[in-house]
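K.L.:
What follows is a structure written as structure tokens; I'll ask about it next.
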Amino acid sequence: MSDFLLELRSEEIPARMQARAREDLAKLFVAELAKAGIAAPRVTTYATPRRLVLIAHDLPEATEAVREEVKGPRASAPPQALEGFLRKTGLTREVLIERDGVLFAVTEVPGRRTADVLGTAIPAIVRAFPWPKSMRWGAVSLSPESPRWVRPLQGIVALFGSDVVPCEVAGVSSGATTLGHRFHHPGPITIGSAGDYVEKLRACHVIVDQDERAAIIAVGAKMAARGAGLELVEDEGLLAENAGLTEWPVPLIGRFDAAYLAVPPEVIQLTARVNQKYFVCRDGEGRLANAFVCTANIDAADGGERIVAGNAKVLAARLSDAKFFYETDLRTPLDALLPKLAKIVFHEKLGTVADKVERVAKLAEWLAQEGIVPGCDPALARRAAELAKADLVTGMVGEFPELQGLMGGYYAAAQGEDPQVAEAVRDHYKPVGQGDDVPIAPVTVAVSLADKLDTIVSFFTVEMPPSGSRDPFALRRACLGIIQIIDRAGIRVPLLNASSRIAALVWDQRIDAEQKRDNDRVRLVSDALDILGLSRADILPSERLRLAIATHPTIEVLDSAAPDKVLNFFADRLKVQQREAGVRHDLIDAVFALGGEDDLVRLLARVHALQRFVTTEDGANLLAGYKRAANILKKEAPADAEVARDYTPEPAEAALIAALDAAEPRAAAAIEGERFEEAMAALASLRAPIDAFFTEVTVNDADPAKRAARLALLARVRGAVHSVADFAKIEG
């Protein structure tokens with residue numbers, strides 16, 4: 001057994017690609033060895049800015065010889081069958097083996113040296129590597145068949161044990177030599193084997209383990225901040241990125257002009273993070289400090305003073321730009337920016353961002369007026385919705401789209417808007433994803449619900465729902481956000497009503513837009529007719545124009561069934577969201593199947609009560625009895641009640657009738673009062689009478705009157721159970 005080392009050294013590999021590259025390298029390597037029948041028990045991968053590394057542990061020295069046997073035709077088969085088999089195997093009749101009248105082709109496949117397998121695998125891996133972006137280079141790049149790599153490939157180390165595995169890729173031959181740190185040890189290093197690779201590179205100022213580099217940065221950055229009396233603002237994504245940018249990380253702390261702290265802290269943090277890959281710090285009171293931590297790639301002789309000074313200078317320029325954008329934006333009221341939203345297309349089928357704002361404002365105001373969002377002032381909800389998208393045309397959001405909403409909140413507060421309005425503008429996109437804050441302030445809730453619901457319903461209305469794994473407009477995320485808000489705040493949103501309102505607004509806006517376009521065309525034609533001295537009435541009578549607008553082809557794509565489809569969409573998303581909470585998807589289906597249930601709070605309460613009920617003995621037995629009744633009714637539909645009018649029920653039937661007479665009104669009253677546990681308890685009282693009914697009574701009796709009465713009774717049982725949920729949807 002020996003270890004195999006593969007190092008693919010190149011120019012800088014982008015940090016964002018390194019983690020995926022390590023995974024792909026391991027998968028491709030294992031797959032290539034599997035083709036030769038070699039298993040790789042353990043594979044370790046590393047990535048630095050300049051090298052992608054794989055170490056495969058405990059590989060065999062050679063593959064074992066394999067005896068392959070292929071079954072052929074019978075010995076008595078026609079000559080044509082035998083000839084076809086011989087062509088397929090490349091053998092002659094004399095070498096075939098006959099057993100029990102059947103011919104077999106037996107061949108011995110000799111074992112191969114693992115080194116030979118590896119020599120073939122390396123070029124195959126390089127050629128098949130799925131970089132998100134790659135390039136060709138050098139003279140060989142003139143051929144479209146030339147290998148591609150993320151950056152020009154400069155060296156290959158391929159060692160099986162202590163022996164070089166010979167191969168060549170794009171003119172680069174494998175060997176045992178690599179390079180150390182670009183500045184600290186730029187000369188060649190000879191690697192003896194996979195066992196000494198990591199430590200030899202460490203001695204030459206290269207830490208190949210990305211996790212070790214990340215740990216060094218994490219600890220070093222915290223210590224640098226504490227040394228200055230500050231606390232580091234931790235950022236896992238930035239930590240991984242810094243680890244991917246350095247081979248010998250050295251965290252250093254620097255300062256910037258405190259005057260820039262007048263800019264919102266999120267802007268400073270984003271500027272430092274996105275543009276410069278710097279961490280920021282907080283002071284003892286939790287406020288952003290005028291300090292940053294950068295990660296150098298060298299041990300500087302002056303302790304990093306010049307590096308810090310250079311980075312501080314670059315950061316100052318970035319912060320100066322941010323300060324300029326912020327101060328410039330503050331000079332323009334958000335109201336003055338609203339006309340610009342009419343020039344931004346939200347979607348070609350849904351008009352502009354201004355059209356979306358109009359729909360969201362009307363829906364948010366309605367949610368408040370109807371008391372759907374308790375404690376929400378309708379005027380504030382409308383005002384917040386009208387201003388919510390204004391920051392999209394500000395300089396700051398143009399520079400940092402990630403700050404949309406947040407900057408609008410700052411600008412709304414600065415221009416003296418009600419604090420509830422400013423908060424709603426700031427947070428109306430929330431929750432954006434798992435773990436994000438869920439808004440609870442009434443005005444924010446109204447605007448957030450309206451915005452997300454408008455996005456979902458609008459795209460369903462123009463027949464652009466998500467399909468499969470494709471969800472270009474993030475409708476699933478918007479739906480989960482709505483579910484989170486409703487669940488957290490306990491808000492009773494009538495989804496069908498709200499969806500119908502949005503769909504109607506989309507229709508109205510589309511017709512208005514087509515009317516305006518047609519009016520513009522009418523004016524142009526009218527002007528031309530005036531010049532020609534012709535009559536307008538003969539060319540474009542008003543009735544013809546009205547019909548043309550009503551049947552305009554772009555309006556025909558609108559889906560009048562969108563609200564119902566939206567409700568089904570919520571049902572699917574609710575299953576996903578509730579699965580994590582341990583709620584069975586079939587129970588959600590069972591409640592949704594009743595139809596007309598669009599209050600998610602009430603629906604979830606019913607589902608939770610149902611889940612508790614079906615796990616009890618009474619619930620399980622009632623479900624079994626229901627399914628037996630439903631199966632009978634599938635085959636035998638209840639007959640006309642007149643047939644069974646004069647029939648006198650037997651004791652078991654009478655007991656079930658009495659139980660239904662008592663349970664049905666109790667269950668109905670409990671459901672009306674949303675006391676679903678009580679409704680389940682009422683249904684549980686049917687368990688014993690149903691069991692007795694099936695034990696003592698023959699449903700499909702030869703007497704038509706008996707059969708009709710008993711089928712009608714089973715239909716009544718099914719109806720009683722369906723008042724709570726459609727038990728046919730419940731598994732088990």
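K.L.:
Could you list HIS181, HIS428, HIS585 in order of exposure, starting from the residue whose Cβ has the fewest other Cβ atoms within 10 Å? Working shown, then result.
P.N.:
Working: HIS181 20, HIS428 28, HIS585 17.
Ordered from fewest to most neighbouring Cβ atoms within 10 Å, HIS181, HIS428, HIS585 come out as HIS585, HIS181, HIS428.
K.L.:
Take the alpha carbon atoms of the stretch 473-503, find their center, do the same for the stretch 128-186, and report the distance between the two centers in whole angstrom.
P.N.:
Value for the Cα centre distance between the two parts: 53 Å.
K.L.:
Pop a pseudo-label 7 angstrom from the Cα along the beta-carbon direction at both ARG612 and ARG136 and give the gap in nm to one decimal.
P.N.:
Distance between the two pseudo-spin positions: 6.9 nm.
K.L.:
Going by average Cβ neighbours within 10 Å, how do the peptides 19-29, 453-463 rank, with the highest at the top?
P.N.:
Values: 19-29: 16.8, 453-463: 24.3.
Ranking the peptides 19-29, 453-463 by packing returns 453-463, 19-29.
K.L.:
Near the amide H of ALA342, under 5 Å away, which other amide H atoms are found, from residues 5 or more places off or on another chain, if H is placed in the peptide plane?
P.N.:
ALA354
K.L.:
Using just the helices of the chain, give the 222 nm mean residue ellipticity in deg cm²/dmol: DSSP H runs with n ≥ 4 each add -39,500 (n - 2.57), and the total is spread over all residues, rounded to 500.
P.N.:
Numbers: 26 runs with 377 residues, N = 732.
-16500 deg cm²/dmol, from helical runs alone.
K.L.:
Output wanted: per-residue J couplings in Hz (rounded whole) for the stretch 669-677, from phi through Karplus 6.51 cos²θ - 1.76 cosθ + 1.60, θ = phi - 60°, x for Gly and Pro.
P.N.:
Coupling constants for the stretch 669-677: 5, 5, 5, 4, x, 6, 9, 6, 4 Hz.
K.L.:
ALA62's amide H: which non-local residues (gap 5+, or another chain) put their own amide H closer than 5 Å, with H modeled 1.01 Å from N in plane and none for Pro or chain starts?
P.N.:
Distant-sequence amide H within range of ALA62: THR114.
K.L.:
So, one more: First check a/c for the stretch 334-491, with a ≥ b ≥ c the square roots of the eigenvalues of its C-alpha gyration tensor; if it is under 1.5, answer rounded, and if not, answer prolate when a/b is larger than b/c or oblate otherwise. Intermediate values should be presented prior to the final figure.
P.N.:
Details: a/c = 1.42, a/b = 1.08, b/c = 1.31.
Cα axes put the stretch 334-491 in the rounded bin.
K.L.:
Please give the contour-minus-distance gain from ASP701 to ARG148: 0.36 nm per residue of separation, less the Cα-Cα distance, rounded to one decimal in nm. Intermediate results must be reported in sequence, preceding the final value.
P.N.:
On the way: separation 553, 0.36 × 553 = 199.08 nm, distance 7.90 nm.
Length gained between ASP701 and ARG148: 191.2 nm.
K.L.:
Oh, and also: Would you report the distance distribution of C-alpha pairs in the chain as whole percents per 20 angstrom bin, up to the bin with the largest distance?
P.N.:
That works out to 12, 26, 31, 24, 6, 0, in percent per bin.
K.L.:
Which net charge results when you count Lys and Arg as +1 and Asp and Glu as -1 among the other residues whose beta-carbon is under 11 Å from that of VAL43? Let's see the in-between values first.
P.N.:
Numbers: positive: ARG22, LYS27, ARG42; negative: ASP3, GLU23, ASP58.
Its environment carries a net charge of 0.
K.L.:
Order of SER2, SER560 from fewest to most other C-beta atoms within 10 Å?
P.N.:
Numbers: SER2 18, SER560 11.
Taking fewest neighbouring Cβ atoms as first place, the list is SER560, SER2.
K.L.:
Points 7 angstrom from Cα along the Cβ direction at LEU496 and ASP564: gap in nanometres?
P.N.:
Label at LEU496, label at ASP564, 1.0 nm between them.
K.L.:
What order do you get for 334-344, 271-281 when each peptide is scored by the mean count of other beta carbon atoms within 10 Å, highest first? Could you put the intermediate results ahead of the total?
P.N.:
Working: 334-344: 14.6, 271-281: 21.0.
Top to bottom by mean Cβ count within 10 Å: 271-281, 334-344.
K.L.:
Okay, next question. Specify the inter-centroid distance of the stretch 240-293 and the stretch 301-329, based on alpha-carbon positions, in whole Å.
P.N.:
Here the two parts' Cα centres lie 10 Å apart.
K.L.:
Packing-wise, with mean Cβ within 10 Å as the measure, how do 241-248, 601-608 rank, highest first? All intermediate terms of the calculation are to be shown ahead of the outcome.
P.N.:
Details: 241-248: 22.5, 601-608: 18.9.
By packing density, highest mean first, the sequence is 241-248, 601-608.
K.L.:
Here is a further query. Run the quick spin-label model on ARG331 and MET223: label points 7 Å from Cα toward the beta carbon, then report their separation in nm to one decimal.
P.N.:
So the two model labels end up 4.8 nm from each other.
K.L.:
Taking the number of other C-beta atoms within 10 Å as the exposure measure, put MET223, MET407, MET464, MET680 in order starting with the fewest.
P.N.:
If I rank by nearby Cβ atoms, fewest first, I get MET223, MET464, MET680, MET407.
Readers should treat all values here as calculations from the given coordinates under stated rules, not as data from a laboratory. Values in this document were obtained by computation on a predicted structure and should not be read as measured data. Heads up, the Cβs are rebuilt from the backbone with ideal geometry, glycines too, and the neighbour counts pull from every protein chain shown.
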